[in-house]
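Shown next, in structure tokens, is the structure this report addresses.
The values are calculated or read from the model by the stated rules, or taken from the named source; none is laboratory data. The model shown is predicted, which means the values in this text are computed figures rather than measured ones. Don't worry about glycine lacking a Cβ; one is built from the backbone with ideal geometry, like all the others, and counts go over all protein chains shown.
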Amino acid sequence: MARLYATMSRSDVRGLLMRHTDAHVTDELVTSWLSGLAGYSLAECHTAMSAMGTAARRATPSEIAGRCDAARDRIAEPSGDPAPQEQRRRTSSAREAAREQHRQAGMRGIHQVYAVMGWQRNADHDLARSVECPFCAAKPWVVCGPLSRNRAGVREMRDPAHRMHPSRLARAREQLARQAATTPQTSTAVDPRT
């Protein structure tokens, strides 16, 4: 039997963040959490964050989504066949594909607005967002959180130009350099038979 879950609105996500986290709740943060928790209800997310206790202050949308999925699995009716697991896997991959499609459409729209308005877009912003942040653990394409000091006491402020932690941009540049080094180079050698 399929269960229906009410989707969350922006105000629901804003309230959830204000109640459970210490973060400064901005529209950008609400958008990233709304995207990360697409398909989950407010009640599920509230329950997951309440169960985390004080750890919810540092939670990411993917952690909350994982807890909601685990709770759904626990209450799922046993049917005796492996089909529900395969169905969940297909649904999860379809959800990820839809998120990626929406992300790409959003990026195209942002680039078009910048081009029409004649604004200069910071290329480092998109480059840094393409990898996971090693400092605040923000997932790829999610903006870095407002964290400025981690548990180890390491302090790192977000760069005001690209709004990401500098270590994230460094990781993205390293990954880009590795990809450039591993791509096969076209040979320009002359064939001796000619």
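Quick notes on this one:
- Exclusive hit being surrounded by fewer than 17 Cβ atoms within 10 Å (Cβ to Cβ), modelled with pLDDT under 85 and either in a helix (DSSP H, G or I) or touching a Phe, Trp or Tyr at 6+ places or on another chain (Cβ under 9 Å) (or both), set ARG74, ARG57, ARG108: ARG74
- Within region 32-54, tally of residues that are crowded, with 18+ Cβ neighbours inside 10 Å and assigned to a loop (DSSP other than H, G, I, E, B): 2
- Here ARG95, ARG103, ARG14 are screened, and the one residue that is surrounded by 11 or more Cβ atoms within 10 Å (Cβ to Cβ), closer than 29 Å to ASP126 by Cα and at pLDDT 90 or above is ARG14.
- Number of positions in region 134-158 that are within 10 Å of the chain's Cα centre (by Cα), surrounded by 16 or more Cβ atoms within 10 Å (Cβ to Cβ) and free of Cβ contacts under 8 Å to residues at least 60 places away in the same chain: 2
- Number of residues in region 12-31 that are closer than 15 Å to MET49 by Cβ and outside any helix (DSSP H, G or I) equals 4.
- When GLN179, GLN175 are checked against the criterion of being farther than 28 Å from ASP27 by Cβ, at pLDDT 85 or above and surrounded by 13 or more Cβ atoms within 10 Å (Cβ to Cβ), GLN175 stands alone in meeting it.
- SER35 meets all of the listed conditions (1) of a type outside the set (D, E, K, R); (2) under 16 Å from the mean Cα position of the chain (by Cα); (3) more than 27 Å from ASN150 (Cα to Cα) but one, namely (3).
Residues checked against (1) under 16 Å from the mean Cα position of the chain (by Cα); (2) free of Cβ contacts under 8 Å to residues at least 12 places away in the same chain; (3) within 25 Å of SER93 (Cβ to Cβ):
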residue	(1), (2), (3)
HIS20	no, no, no
HIS24	no, no, no
LEU29	yes, no, no
CYS45	no, no, yes
MET49	no, no, no
ALA55	no, yes, no
